[in-house]
Amino acid sequence: MNKNIILTGVGGQGTVLASKLLAAAAMKKGLRVMSAETIGMAQRGGSVFSHLRIGDEIESPMIAQGEADVILGFEPGETVRMLPYLKKGGLVVVSNRAVMPVTASLAGSDYNAASMLDYLSEQVENLKVIDTDRAIEDLGSAKVMNVLLLGAAVASGVLGITTDEIMDAIKTRLPEKLWELNRRALEYTESLSS
Amino acid sequence: MHKEFLMGNEAIALGALAAGVNLVCGYPGTPSTEVLETVAKRRTEGTYVEWSVNEKCAMEVAAGAAYAGARTLVTMKQVGLNVASDPLMSLEYVGVKGGMVILVADDPGPISSQTEQDTRCFAAFSKLPCFDPSSGEEAYRMVQEAFELSEKYKTPVFLRPTTRVCHGYADVEVKDESEYSEHKAEGFVKDSKRWVIFPKLSYQAHINIEARNESLSKVFSSNELNVLTAGADNMPQEVGIAAGGISYTYVKEAEKKIGQLRTFKVSTPFPFPEEKAVEFLTGLSKVLVFEELDPVIERALIYVAGKYELPVKIYGKLTHHVQNSGENTRDSVLSAMREFVEGKTTEEGTDKTAPPELPVRPPVLCAGCPHRASFYAVKQAMKGKKTIFCGDIGCYTLGNAMPLDMVDTCLCMGAGLGIAQGVFRTEPDTSCFAFVGDSTFFASAIPGVVNAVYNRAEMTLIVLDNSTTAMTGHQPHPGTGQVMMGVKDPATYSDVTSCVDIEQVLKGIGVTVVETVNPLELETAVETVKRVSDKPGVKAIIFRSPCIALKGAVKPGNHVTVDEDTCIGCGKCIREIGCPALYMDQEKKKVCVDTSLCTGCGLCKSLCPVNAIGGAAR
Ligand code: SF4
Ligand code: SF4
C-alpha cells in the first residue's frame, strides 16, 4: 500500500526537515521512499511544498491530484492551494496561523486565516486545525511547529508510522539537547486530546 | 552496497566518487549545486574539489586534468553551459584522456532560471554523447557508465538531469567506500599534434567524431538503459508512447491506471539510438512523446520514421498534443495519454466550490537582507533624477519587487555592466547604475568594468558584497578566500586561502573612485551615493554587509520593537522597504514586528516619521 503525503507552507517554515524525518522513519521500516522538494528561489518566502511517497509501487516522486492521503499544512492559504491533491476522505492537518505575504501587506489586502480555514472545514471532512499561537506558548518555542504538525498526522494513524519511530529519526538527526523539546512537540496534540 | 536516502544530486556525486573521480569543479547554480557540495562532504582521499570562478574556468580546469589522465567531473546549471561553451565546443575536437563527465542540470518550468534551454540540443550541437536520467538512482548508475564511455571514446560525456531528478529524493542502493574504484592519472604526455587545436586537426577530428557518433548510435541501441516495453494484449497494439527523463516516470504511473502500451524510454538522446527506435516504431501507427523542454525525442522519431519509411505518425509538442513549455506533471501526462488512447480526458473530480482568492507569494529578500538597505539608499540618493538601474543574477534580482522597484533590467550573469554602458551611449543624460553581487563580480563582471574604463563610459558600479554566493545556498568565492578542500561540514570551511580584494581589483583596472560603505548605515550610504555618482567617469561603491543567513551575521534575539502608543499607523515603513518582518495589524491599525524574522538591521527605524520603532542594538 502506498502512502502519499504533501507538506506545504512558506519558504523557511521547516517543511523539508519534517519530510526528511518521515522518510527516515519509513526507510528504517524497510519501506521504499521517494520525495520531491522545492529548492531555489522560492525558499526566500515563496510557496514551497514537499511530495513524499512511501510504498513499493512508486515510480515517480511526484503525487498526482486526488492522490494524497495526508496534507500537512504549515500555512492555511498554502494548504488551500494544495487541496486538489487530497484524495477523497484524506486527512488535512493545518496550522491556523497565516503568513502574510509582503505583497498583501503592501496592497493592504485583508488576506487572513479565517476565510481559508472556513473553506477547508467546508471541503475537508477529516480536518485537524492546530492552534499555533497557543502551541508556541505551551511549548515555549516556535521552532518545532514542523515536528508538532508531523506529530498530529502521525497520531491519526493514517501514515502507518508511530511517534516512537519519528522520535528515533529525530535522535539520529538532531543534537541531544533538542530531543526533549521535539518529543513534547511530537506528542503535543495527543496531550491535548487526552 | 548499502541504502541511503539521497537527493538525485547526492546520488550523482556518490556515483562519481564510486567511479574514482580525481577532480571535481563547477560553479553553483540551481538545480546543480548539491552535486559538488556532496563531493566536498563525502570525498575520499585524493579527490580534489573546487568551486571555480565561473563555468568556463571550471570546464578548462576539468579539461586540463583530463588531458593529464585524471577522471574529472564538472558541474553547472544549463545557463552556465552557455558560459562554458567556448572551451567545450573546441574540446570535443581535441578530446580527452581521462574520463570527463559534464553534469549540466536543466530547469524545466523554469523554476530558478532565465531560460528553458535544453542541454540535449547542446549535446547534438557540440556532438557529445548525452545521458538523460529519469531518477537519482538511474543517474547514480549513469555517471559511472559515462566515465567508462568517456575514457573508451576519449570524449567528454554529458549527464543531463532536470530539476525534479536533481532535487527528488529516493532510497538508493550505493557502493560502500571499500567498493569504490581507484583511478590513477597517468600524467600529461606532451604531444602537440594531439593537444594543440589547428584547422587541419579539426578537419580530421570532425571526420572521426561523425564516425564515432554513428557507431555510438548502434552501441546505445543495445544499451539496456534505453528500455523498450511491450504493450499489454488488451491494449491497442498500434499505439506507442516514447518518453525521457522524469516524464518517463509519469508515463509509467499513468500506465498503471490506463494499461501498458508499447513504450520506449530514451536515456541516451544523443547519439539517438536509431536501431532501437526502428524496432519500437515498426508496427505502430501513432506515437505520443513526453519530454520536457525541446522536442528532441519527437524530432528524432520523426526523422527515423522518414528515413526508414515507416508508416507512423509522431505526436507531441510539435503537434500541440503536449504543451511546448513548462514542466510536465503526473496529471498533464495522464490526461494527454487518456485523450490519445481513449479519446477522452481525465474525468473531472466532484466539482468543488472555488476556493477563496489565494495570496500571491513571490520570493522576497529576507528580513534584514543588506541588499534591501543598499537598494533603498540608492533610491533615496537618486530621487528625482533620470536613472537606470541595471540588475544582475542573484538574490538581489529580487530588488525588482515592489516597493523597492530598483531593478530595471536583468539579462544574465554580469550583463548589467554592459547594458548600463549601452544605455549611457544612447542617452548620455541618464545616470547609469549597474548592480552586481560579489560572486557575480568575480564570475563575469570584470571584463565589463575594463570595457567601461577603457572606453571612458560614465557610470556607477554598485557591488553588493554580502560575503557569499547567497542565492544558491551560500558557497564561498574568491572574495571570501574559503575553498572546498578540507570541508566536511559546509558551514565551516576550514581551508582559507588569500582573499581577492574587490577594491584592489577595481583600483587596478583604473576605476578612479572606489568607496566601501555599510549599507545599514543609511545616512552615510545615501550621502556616499549622492557624492560618488556625481563624479565623472567610472566610479564604484562597494556596499559591504554580510548575508543574514551566514553564521554569526545576526545576533539572536536582536530585534526592533514598535511602540504602540507612538505608532500612528501610517505604514510608511512597510510601504518604503517591504521588509517581510513588518506587517500591519488591520484591527489596531498599528505596525507589528514578526520577532522570529526581524534581525534588528535597523533600516526601518530611520524611516519612521514619529520614531516609533526602537530597540535592536547594533
Ligand atoms: S529592523 Fe526593521 S527592516 Fe530590519 S529586519 Fe527588523 S523589521 Fe526588517
Ligand atoms: S539569503 Fe542573504 S542575500 Fe539572499 S535575500 Fe536572504 S539575506 Fe539577502
Give the residue, chosen from A:Leu86, A:Leu72, that is over 30 Å from B:Glu173 (Cβ atoms) and more than 7 Å from every other protein chain (Cβ to nearest Cβ). A:Leu86
Residues of segment B:554-577 being in contact (Cβ under 8 Å) with a residue 40 or more places away in the chain, within 16 Å of ligand 2 (Cβ to nearest atom) and in a loop (DSSP other than H, G, I, E, B), which ones? B:Val554, B:Lys555, B:Asn558, B:His559
Those residues of segment B:379-402 which are out of contact with any Pro (no Cβ under 8 Å at 6 or more places or on another chain), open to solvent by less than 60 Å² (accessible area, probe 1.4 Å), within 16 Å of ligand 2 (Cβ to nearest atom) and not aromatic (Phe, Trp, Tyr), in sequence order: B:Gly391, B:Asp392, B:Ile393, B:Gly394, B:Cys395, B:Thr397, B:Gly399
Output for segment B:398-414, where each listed residue is in contact (Cβ under 8 Å) with a residue 24 or more places away in the chain and assigned to a helix (DSSP H, G or I): B:Leu398, B:Gly399
Cβ-Cβ distance below 7 Å, separation of 6 or more or different chains: which pairs start in segment B:151-180 with a residue that is closer than 15 Å to B:Gly20 by Cβ and end on one that is open to solvent by less than 50 Å² (accessible area, probe 1.4 Å) and at pLDDT below 95? B:Val174/B:Glu4; B:Glu177/B:Thr44; B:Tyr180/B:Thr44
Would it be correct to say that B:Pro546 is within 16 Å of ligand 2 (Cβ to nearest atom), open to solvent by 20 Å² or more (accessible area, probe 1.4 Å) and within 14 Å of another protein chain (Cβ to nearest Cβ)? no
Residues located in segment A:23-61, provided they are touching a helix residue (DSSP H, G or I) at 6+ places or on another chain (Cβ under 6 Å), within 9 Å of chain B (Cβ to nearest Cβ) and more than 29 Å from A:Met100 (Cβ to Cβ): A:Ala24, A:Val33, A:Glu59, A:Ser60
Among the candidates B:Cys601, B:Cys592, residue that is within 13 Å of ligand 1 (Cβ to nearest atom), in a strand (DSSP E or B) and not assigned by TED's automatic domain parsing to the domain that holds B:Val463: B:Cys592
If I filter segment B:84-132 down to residues being touching a strand residue (DSSP E or B) at 6+ places or on another chain (Cβ under 7 Å) and part of a loop (DSSP other than H, G, I, E, B), which single residue comes out as most open to solvent (accessible area, probe 1.4 Å)? B:Ser113
Check B:Thr397, B:Thr430, B:Thr409 and return the single one that is at pLDDT below 95 and in the same structural domain as B:Val517 (by TED's automatic domain parsing). B:Thr397
From the options B:Val453, B:Val463, residue that is β-branched (Val, Ile, Thr) and either within 14 Å of ligand 2 (Cβ to nearest atom) or not assigned by TED's automatic domain parsing to the domain that holds B:Arg544 (or both): B:Val463
Among (1) assigned to a helix (DSSP H, G or I); (2) within 14 Å of chain A (Cβ to nearest Cβ); (3) within 27 Å of B:Cys395 (Cα to Cα), the one test that B:Ala139 misses: (3)
Pick from segment B:578-606, criterion small (Gly, Ala, Ser) and within 16 Å of ligand 2 (Cβ to nearest atom), ranking: farthest from the other protein chains (Cβ to nearest Cβ): B:Gly602
I'd like to verify a number: residues in segment A:1-20 that are more than 9 Å from chain B (Cβ to nearest Cβ) and more than 11 Å from the chain's Cα centre (by Cα), how many? 4
Kindly indicate which of B:Ser332, B:Ser374 is farther than 30 Å from B:Thr528 by Cα and either open to solvent by less than 60 Å² (accessible area, probe 1.4 Å) or more than 16 Å from ligand 2 (Cβ to nearest atom) (or both). B:Ser332
Subset of segment A:88-138, residues in a strand (DSSP E or B), touching a strand residue (DSSP E or B) at 6+ places or on another chain (Cβ under 6 Å) and open to solvent by 50 Å² or more (accessible area, probe 1.4 Å), comes to A:Asn126, A:Lys128, A:Val129
State all residues of segment B:297-329 that are among the basic types (Lys, Arg) and touching a Leu at 6+ places or on another chain (Cβ under 6 Å); if no residue qualifies, say none. none
Kindly indicate the residue of segment B:519-536 that is touching a residue at least 12 places away in the same chain (Cβ under 8 Å) and assigned to a loop (DSSP other than H, G, I, E, B) and also surrounded by the most Cβ atoms within 10 Å (Cβ to Cβ) among those meeting that condition. B:Pro519
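The values are calculated or read from the model by the stated rules, or taken from the named source; none is laboratory data. Just so you know, these numbers come straight off a predicted model, no measurement behind them. So basically every Cβ, Gly included, is an ideal-geometry build from the backbone, and we count neighbours across all protein chains shown. Heavy atoms of the whole protein, side chains included, go into the accessibility calculation; ligands, DNA and RNA do not. Shrake-Rupley method; radii C 1.70, N 1.55, O 1.52, S 1.80 Å.
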